1. How large is the accessible surface per residue of the chain, computed with a 1.4 Å probe and reported in Å² as a whole number?
2. Using the Kyte-Doolittle scale, which helices in the chain average at least -0.5 and also have C-alpha atoms spread 24 Å or more along the helix axis, with helices defined as whole DSSP H runs?
3. Which residue fluctuates most in the GNM of the chain (Cα springs below 10 Å): 101, 180, 59?
4. Which of the trypsin sites (Lys or Arg not before Pro) found in segment 1-88 are in a DSSP loop and have at most 15 neighbouring Cβ atoms, other than their own, within 10 Å?
5. Would you kindly state how much longer the chain becomes between residue 213 and residue 170 on full extension, computed as 0.36 nm times their sequence separation minus their alpha carbon distance, in nm to one decimal?
6. Most fluctuating residue of 143, 15, 32 in a GNM of the chain with Cα springs under 10 Å: which is it?
7. Taking every DSSP beta bridge with both residues inside the chain, roughly what % is antiparallel (nearest 5)?
8. Could you list the square roots of 5 times each eigenvalue of the Cα gyration tensor of segment 9-73, that is, the equivalent ellipsoid semi-axes, sorted largest first and rounded to whole Å?
Amino acid sequence: MSKKILIIEDEQEIAELIKDYLTVEGYCVEIAYDGLTGLNKVKSFIPDLLILDIMLPKLSGLDICKEIRKSDECLPIIIVSAKHGDIDTVLGLGLGADDYLAKPFSPSVLVARVKALLRRCLVSSEESTNTTLVFGELSIDTAGYNVLINGQEVDLPTKEFELLKFLALNPKQVFSRDQLYEQIWGYDSLGEATTVTVHIKRLRQKIEKNPAEPKFIRTVWGVGYKFEA
């Protein structure tokens, strides 16, 4: 069965162009031209991946992303926007989006990112095991995408979990922001490396007793980050 992709984009020409490229690749694609209709289609169409514009009539893309993450932490979301400021990237990814693409962009680049994101989700599913990583009060269930601190469940969006899991599986190894971005997001994009910093900060706020003096995710100044087992 072909993967289902929902495009929420108010610029009809852009939406139709993206749909044409994705349809050629064998995906089943639907479009919504405003935020409210798009959110309703998420519930009825049940897509495998969402392409989401930020500036939308009736309901913004960021509000849609926030609403989706209340009940679904796993749906892959790619945000697209004509805004080039870092604030949109930070806000979008901070609310649980998996990728960000600034307009104008090549449809073929978007298709490549769609394929990469769906492939990573499939690999993560196939590699799920019953392994639980335990580091003192921190417990990471790699199969159930579940994290506990002192027995209390910690709510982590998909990318935050994948970043924590990767670091925990490679303790004491130092990784640069670019290496982590390529590993977790699947391709090299130096301009987007600040995404890693945002996710690290959010992880520390959730799993560290004192985020200012982290115990688990340590900064190696001038190099990157490492996980202390």
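The values are calculated or read from the model by the stated rules, or taken from the named source; none is laboratory data. Since the model is a prediction, treat every value here as computed from it, not as a measurement. So basically every Cβ, Gly included, is an ideal-geometry build from the backbone, and we count neighbours across all protein chains shown. Remember, those area values only see protein heavy atoms, side chains included, never the ligands or the DNA or RNA. Shrake-Rupley method; radii C 1.70, N 1.55, O 1.52, S 1.80 Å.
1. Numbers: 11400 Å² over 229 residues.
I get 50 Å² per residue for the chain.
2. On the way: long enough: 107-126 (28 Å, 0.66).
Sorted by number, the helices that extend far enough and score high enough are 107-126.
3. Of 101, 180, 59, the most mobile in the Gaussian network model is 59.
4. Numbers: sites: 3, 4, 19, 41, 43, 58, 66, 69, 70, 83; in loops: 3, 58, 70, 83.
Sites meeting the loop and neighbour criteria: 58, 70, 83.
5. Working: separation 43, 0.36 × 43 = 15.48 nm, distance 2.06 nm.
Here the answer is 13.4 nm.
6. Maximum fluctuation in the GNM of the chain, among the listed residues, is at 143.
7. Numbers: 16 of 33 bridges.
Looking only at bridges with both residues in the chain, the antiparallel portion is about 50 percent.
8. Values: eigenvalues 76, 43, 16 Å².
Calculated on Cα positions only, the semi-axes equal 20, 15, 9 Å.
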